[in-house]
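One structure is given below, represented as structure tokens, and several questions about it will come after.
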Amino acid sequence: ELYSKVCEFIRERGSLFTNGIVFKEFVDLRRDSGEWRAFFLYGKLVDISLNSDIDPKGVFSPPKEFVQNIGNILSKHSNFFTVDMAMMEKTRRWIVLETGDGGVSGLPLNMNPFAFYNDLIINYEEI
């Protein structure tokens, strides 16, 4: 049944289908942590913003050490990338949901694009 659904999906997407399918494990996330997106440039955190359409008041944010450790690990493989993270409901531990190419990752809704790109330029010039 899964194979049939995958074939149907590929057929429906047609030329919009780019390169492969990824199956992700379902993880029950805390609603009051939201999903966060961090942008890194050469291992330096440029910005971290709430990437969920929820009220930011009283929302838990990921620990700075967690975010920087992930950035340190991934900076060995890419110069510009994003990390999406959230807190799991039962264990209350932060996890990485996915990583992406910073050049194609969308900006979070609450992010000011002008400020972000200005910060990006300033961080690049410091390197």
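Return a whole-number percent for the relative contact order of region 52-97, with Cα pairs under 8 Å and 6 or more residues apart as the contact set.
Averaging sequence separation for qualifying contacts and normalising by length gives 29 percent for region 52-97.
What residue among Ser61, Ser105, Ser33 shows peak mean-square fluctuation when the chain is described by a Gaussian network model with Cα springs under 10 Å?
For the chain, modelled as a Gaussian network with Cα springs under 10 Å, the answer is Ser105.
Within 10 Å, at most 12 other Cβ atoms, and a DSSP state outside H, G, I, E, B define an exposed site. Report the longest part of the chain free of exposed chymotrypsin sites (Phe, Trp or Tyr not before Pro).
Here the longest segment lacking exposed loop sites spans 27-127.
Given bins 5 angstrom wide, list per bin the percent of all Cα-Cα distances in region 68-127, short to long.
4, 14, 20, 25, 20, 11, 4, 2, 0
Determine the dipole magnitude for the chain: charges of +1 sit on the beta-carbon of Lys and Arg, -1 on that of Asp and Glu, nothing else is charged, the reference point is the Cα centre, and the result goes in debye to the nearest 20.
So the dipole magnitude of the chain works out to roughly 280 debye.
Before rounding to the nearest 500, sum -39500 (n - 2.57) across all DSSP H runs of length at least 4 in the chain and divide by the residue total; then give [θ] at 222 nm in deg cm²/dmol.
It lands at -9000 deg cm²/dmol.
Which of Leu45, Leu97, Leu16 ends up with the largest GNM mean-square fluctuation for the chain, with Cα atoms connected below 10 Å?
Most flexible of the set in this elastic network: Leu16.
Turning to a different aspect of this structure: What residue among Ile70, Ile48, Ile21 shows peak mean-square fluctuation when the chain is described by a Gaussian network model with Cα springs under 10 Å?
Ile21
Another question about this same structure. Rounded to whole Å, give me the distance from the Cα center of region 59-127 to that of region 1-34.
Each part's Cα centre sits 23 Å from the other's.
In degrees from 0 to 90, rounded to the nearest 10, what is the angle of the helix 113-126 Cα long axis to the longest principal axis of the chain?
Computed tilt is about 60 degrees.
Within the chain, which is the longest segment containing none of the trypsin sites (Lys or Arg not before Pro) that sit in a DSSP loop and have at most 12 other Cβ atoms within 10 Å?
Counting only loop sites that pass the neighbour cut-off, the longest clear stretch is 94-127.
Using alpha carbon coordinates only, what is the Rg to Rh ratio of the chain, with Rh defined as the Kirkwood radius?
Here the Rg-to-Rh quotient is 1.02.
Excluding residues on the same chain fewer than 8 positions from Lys44, give the lysines whose Cα lies under 30 Å from its Cα.
Those lysines meeting the cut-off are Lys24, Lys57, Lys64, Lys76.
Here is a further query. Cα axis of helix 2-13 to longest principal axis of the chain: angle in degrees, 0 to 90, nearest 10?
70
Add +1 for every Lys or Arg and -1 for every Asp or Glu among the other residues with Cβ under 14 Å from the Cβ of Phe80, and state the total.
Its environment carries a net charge of 0.
We did not get these values from a lab; they are worked out from the coordinates using the rules stated. Only a predicted model underlies this, so the values are computations on that prediction, with no experimental measurement involved. Glycine gets a Cβ as well: all are built from the backbone with ideal geometry, and neighbour counts include every protein chain shown.
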